[in-house]
1. Using mean Cβ contacts within 10 Å as the protection proxy, how do 77-84, 122-129, 24-31 order, highest first?
2. How large a share of the accessible area of the range 267-345, in percent, is made up of carbon and sulfur atoms when the probe is 1.4 Å and the other protein chains stay in place?
3. Normalised by the residues of the chain, what does the relative contact order come to in percent, with Cα pairs under 8 Å and at least six apart?
4. Could you check what % of the DSSP bridge pairs in the chain are antiparallel, to the nearest 5?
5. Compute the whole-percent fraction of alpha carbon pairs in the range 260-334 spaced more than 21 Å apart.
6. Could you compute the net charge surrounding residue 380? Neighbours are other residues with a C-beta less than 14 Å from the C-beta of residue 380; K and R count +1, D and E count -1.
7. Mind listing the phi-derived Karplus ³J(HN,Hα) values for the range 86-95, rounded to whole Hz, using 6.51, -1.76 and 1.60 with θ = phi - 60°, and x for any glycine or proline?
8. Using a basic spin-label model with each label point 7 Å from the Cα along Cα→Cβ, how many nm lie between residue 74 and residue 226?
Amino acid sequence: MSTGPLAGIRILEFSQIVAGPFAGVALSDFGADVVKVEPLEGESRRNSAAVVPNEGKYFQSLNRGKRSLTVDLSKAEGRALIHRLVPLFDVVIINYRAGVPARMGIDYATLRALNPRIIYASITGFGESGPYATRAGSDIVAQAYSGLMAAEAKTDEHGAPAPITSTTMADRSSGLAAAMGICAALYHRERTGEGQELQVSLLQTALELQSDRVMREPVHDTVLRDPLIARLSQQRAAGASYDEMIAFRKGQGPRFASHRLYYGGYHTARGALVLGALTRQNRDAIRQILDFHDTTDDPDFDAGDAENRRRIDEWREELQVRLLQRPAEDWVERFMAAGVPASVVQFAEEMADDPQVEAAGMMAGLVHEVTGPQRVVGPIVRMSGSATAAVRAAPVLGAHSREVLLEAGFAPGEVEALAAAGVIGTGD
């Protein structure tokens, strides 16, 4: 039995891809019993880059800690089965497109009538109202629509837009937002007895990730935003390409000159290095270590001046020359000794064996029923009084259908009849 803070909480998860599944992982680490409801053929992502059929690492990483119940919701018997389960659960997580849950009989109004205390967390692409409420959404689309992609200013080899990172930032942040909201709703229900609906969208999350750029404030906007928007609008009307517009936008960036010099990446004699100096104290420490002198922190330095921009470029080239004299790990050792944030640039595939990751216990050992022993990224939150933990590997498709239904009071014969009729899958 779990000893986590959500021990005893039961969650029914209708999820796919990233946002919904990630919310379920976070809550399972807190001790909740998360039952993932899948179609009989399984979630499509089970086979993304899979070496073993149905057990791809991508799927496993986003669904560990759960049990799998496979149900054909296109059948009336499947919907009726879910309706019998809902009164026994505390939370429903769903990240289907708006309108789809109602067609499947698993929308909030329907489930609330069966269990008034239910907490129903819905994650959509564009929100539950407005002209795009039913529009299909995904992480890369949310990045594009929200401005997050253009803010990062990445382009591919063709000059076309490129997503922010190789991970799904809007998706995962939305999953965390849903998990946070569910915990708050559980606390509210503890005090009042009331369940409620939570609404999370990839668009809202993507806006928050760049809230300083999205917000409107007349003083700053007059000086910075409005001229930028006017110029971008002119370029767009003139048929400028995306990479041309991005080049102009990037050219407006060096107002924070010291950040450009001391907050970014460099080559070294061996490996790549990133500096993360956000304070004058850290930047002065770097200057001392490198015996380097610039005036970007002087009060009268105007980074918007064309001549100063040229000087910034020259200073950066000079910094690069100096950093090429030693390997990245040597520089990091020196910077760390001076309290300066810096790091060698590493690859994700190396991190499971990283000494800091191992010493801090950030990985957890599990055993998968099909693929065997594995080490997974552990809970992102640790608690001293109610331990969080990665409790089980991702479920084999339908492996817990019988178990979940029997726990809910279904008779053994009824469960077997549902399996024989193709209403549920059992993983046999």
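The values are calculated or read from the model by the stated rules, or taken from the named source; none is laboratory data. None of these values were measured; they are calculated from a predicted model. Here the Cβ is made from the backbone with ideal geometry for all residues, glycine too, and neighbour counts use every protein chain on show. For the accessible areas, the whole protein counts, side chains as well, though only heavy atoms, and no ligand, DNA or RNA atoms are used. Shrake-Rupley method; radii C 1.70, N 1.55, O 1.52, S 1.80 Å.
1. The peptides rank, most packed first, as 24-31, 122-129, 77-84.
2. Result for the range 267-345: 49 percent of the exposed heavy-atom area is carbon or sulfur.
3. 20 percent
4. If I count the DSSP bridges inside the chain, around 40 percent turn out antiparallel.
5. More than 21 Å apart: 24 percent of the Cα pairs in the range 260-334.
6. It works out to a net charge of +2.
7. Residue by residue, the range 86-95 yields 3, x, 8, 10, 9, 9, 10, 10, 9, 10 Hz.
8. 5.6 nm
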